[in-house]
1. I need a count of the residues in the range 59-84 that are loosely packed, with under 10 Cβ neighbours inside 10 Å and at pLDDT below 75.
2. Going through 38, 10, 3 one at a time, which residue ends up being part of a loop (DSSP other than H, G, I, E, B), surrounded by 14 or more Cβ atoms within 10 Å (Cβ to Cβ) and touching a strand residue (DSSP E or B) at 6+ places or on another chain (Cβ under 7 Å)?
């Protein structure tokens, strides 16, 4: 695990306290990097995990939750192609 501190100097004990905080919050994950940005009484925590799965977009199309259309047969692909897409007016 790599710990990066910016802003002010903190003790090793305080660094380990932040590590413990993140580990308790996410007990099933292993921390890869922990960035601590110290600004007076405020500390910004930014962390990444080992083997973290990137975000995958899932949509509801024709009654199915899908990430991609590659497993759809020709009929389902036609349903998706022919459906009415509505614009959102803000």
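The values are calculated or read from the model by the stated rules, or taken from the named source; none is laboratory data. Treat the numbers as computed from the prediction; the structure is a model and nothing was measured. Don't worry about glycine lacking a Cβ; one is built from the backbone with ideal geometry, like all the others, and counts go over all protein chains shown.
1. Qualifying residue count for the region: 2.
2. Within the list 38, 10, 3, the selection yields 10.
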